[in-house]
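Working notes, structure below.
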Amino acid sequence: MRTFLLPVIVIVAGVYLVVCIAAFLMQRQLIYHPYRQILTTPAAIGLEYHELMLQSPDGVKFVVWSIPAESSLVNVVYFHGNAENISNSTGMYKSLRELGVNVYAFEYRGYANCTGTPSESGITTDLKTFSEYLASSLPPDAKIVALGRSLGGAVAVKFATLYPVDGIILESTFNRMVDVGRKAFPYLPISFLLRERYDSEEILRSLNKPVLVIHSPDDEVIPFELGRKLYGAAIGEKSFVEIKGSHNSGLEISEEALRIAYRDFFNKFRK
C-alpha cells in the first residue's frame with residue numbers, strides 16, 4: 001500500500017506545485033484584461049472632452065479624458081473595471097455630467113492608447129503623475145471625488161493615498177484582492193502567492209474621508225460580503241447603498257438609485 005501511495009502523493013504534490021507556480025506567474029493576466037480598442041468617445045454622445053496624454057517617470061504614457069461642466073468646483077475622477085477601458089463608460093460620464101460635475105476618466109497603462117503593462121506598482125506610478133497634474137491645474141477650492149467600479153474601486157482608494165480627495169465612491173468592488181483570490185481559488189495559498197495586493201480595507205482604516213459604498217447581493221463576480229467588509233473598514237462618514245442586478249447589469253437595473261446616491265454624495269461638497 002505504501003509503495004502504491006507514495007508515487008500518487010508525489011504526483012499530486014507536483015501538480016499542486018505547478019498550479020501554484022502558474023498562479024504566481026500568471027496572476028496579472030488573471031487580474032488585468034487590457035481592452036485596447038476605443039469603441040466611442042464622449043463627443044459621440046454630445047459631450048465636450050479633452051484627451052490628456054501624460055507621461056510617468058518610467059516613460060509610460062497614459063491617457064486621461066477631461067469632460068468639463070459649467071462653473072463646477074466638484075471634480076470626479078473615474079476608474080473603470082479590469083476588462084474594459086475608458087470608452088466603455090461614456091454613459092456614466094453623461095450621467096455624471098448631468099449631475100453637474102467635471103469628470104476625469106483615468107486610463108490604466110497597457111489599456112487603450114497607453115503604453116506599458118498594467119500592474120499595481122505601475123498604475124500607482126501613473127496615479128502619482130496624475131496627482132501632480134491635478135495639483136498644478138485645479139483651483140485651490142476645487143473638490144475631488146474618486147469614483148471606482150470593480151477593480152477601479154481599489155485604484156480609487158489607492159489614488160486617495162496620493163491626492164487629498166474630498167470623498168470616495170466605491171461601486172461593486174472588494175475589500176482586499178487576497179479575499180477575492182481566496183473566493184476564486186480556495187485551495188491555493190493566495191496570501192503567499194499574491195503580488196497584486198490592492199488592500200483597500202487597510203487604507204480605509206486610516207483614511208478619514210466620506211465614503212459611499214454601493215453593492216448588489218446579486219453580484220456574481222465580487223461577492224456582496226466583500227463590499228460589506230469594505231464598508232466596515234471605513235472610519236469616516238460613510239453610507240452603504242444596496243442595489244439590484246448582477247456585476248455588469250446593476251448600472252442599468254439600478255440606474256435611478258445610483259443617480260440619487262451620486263447626487264446626494266456630490267451635494268456634500270457644493271456647500
Discussion item. Suppose R0 equals 51 Å. What FRET efficiency, 1/(1 + (r/R0)^6) with r the Cβ-Cβ distance, do A83 and L6 give to the nearest 0.05?
Written reply: 0.70
Worksheet entry | Percent of C-alpha pairs per 10 Å bin, region 39-87, short to long | 20, 48, 28, 4
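Just order 244-254, 205-215 by mean Cβ neighbour count inside 10 Å, highest at the front, would you?
Numbers: 244-254: 15.6, 205-215: 19.6.
Descending mean neighbour count gives 205-215, 244-254.
Could you size up the charge dipole of region 103-185 around its Cα centre, putting +1 on the beta carbon of Lys and Arg and -1 on that of Asp and Glu, and report it in debye to the nearest 20? Walk me through the intermediate numbers first.
Working: 8 positive and 8 negative charges, 64 e Å.
The dipole magnitude comes to about 300 debye.
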Response to the item:
The alpha-carbon pair-distance distribution computed for region 92-137, with 5 angstrom bins and whole-percent values, is 5, 19, 20, 18, 20, 14, 4
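I need to check one value: relative contact order of the chain, counting alpha carbon pairs closer than 8 Å and at least 6 residues apart, in percent. Can you show the working numbers first?
Numbers: 497 pairs, mean separation 40.4, N = 271.
About 15 percent, as a whole number.
Of the listed peptides 58-65, 23-30, what is their order by residue-averaged count of other C-beta atoms within 10 Å, with the highest listed first? Intermediate results must be reported in sequence, preceding the final value.
Numbers: 58-65: 18.1, 23-30: 13.5.
Ranking the peptides 58-65, 23-30 by packing returns 58-65, 23-30.
Per the Kirkwood treatment, what hydrodynamic radius in Å, one decimal, follows for the chain from the mean inverse distance over all distinct Cα pairs?
Here the Kirkwood hydrodynamic radius works out to 19.5 Å.
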Worksheet item: Ranked by Cβ crowding within 10 angstrom, fewest neighbours first, how are D219, D166, D264 ordered?
Response: D264, D166, D219
Worksheet entry | Inter-centroid distance (Cα atoms) of region 177-214 relative to region 233-255, Å | 18
Worksheet item: If you look at just the Cα atoms of region 42-180, how large are its Rg and its Dmax in Å?
Response: 14.0, 42
Discussion item. For a quick size check, give me the Cα extents of region 111-209 along its three principal axes, largest first, whole Å.
Written reply: 51, 33, 20
Response to the item:
In the chain, whole DSSP H helices that both stretch 20 Å or further along their axis by alpha carbon positions and average at least 1.0 on the Kyte-Doolittle scale are 2-31
Fill in: Under 16 Å from the S137 label point (7 Å along Cα→beta-carbon), backbone N, region 71-90
72-79
Response to the item:
The distance between the Cα centres of region 12-70 and region 129-162, in whole Å, is 17
Practice prompt. Could you give the size of the charge dipole of the chain about its Cα centre, using +1 on the Cβ of each K and R and -1 on the Cβ of each D and E, expressed in debye and rounded to the nearest 20?
Written response: 560
Fill in: Spatially proximal aspartates and glutamates relative to K244 (Cα-Cα < 15 Å; intrachain offsets below 8 disregarded)
E171, D218, D219, E220, E225, E252, E255, E256
Item to complete: Can you spot the lysines whose alpha carbon is less than 21 Å from K61's alpha carbon? Ignore those fewer than 8 places along the same chain.
Response: K128, K158
Discussion item. Under 8 Å for C-alpha pairs, at least 6 residues apart: give me the relative contact order for region 201-252, rounded to a whole percent.
Written reply: 47
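Values in this text are rule-based calculations from the coordinates and carry no lab data. Note that this is a predicted model, so its numbers are computed, not measured. In this analysis, Cβ positions are derived from the backbone assuming ideal geometry, glycine residues included, and neighbour counts consider all displayed protein chains.
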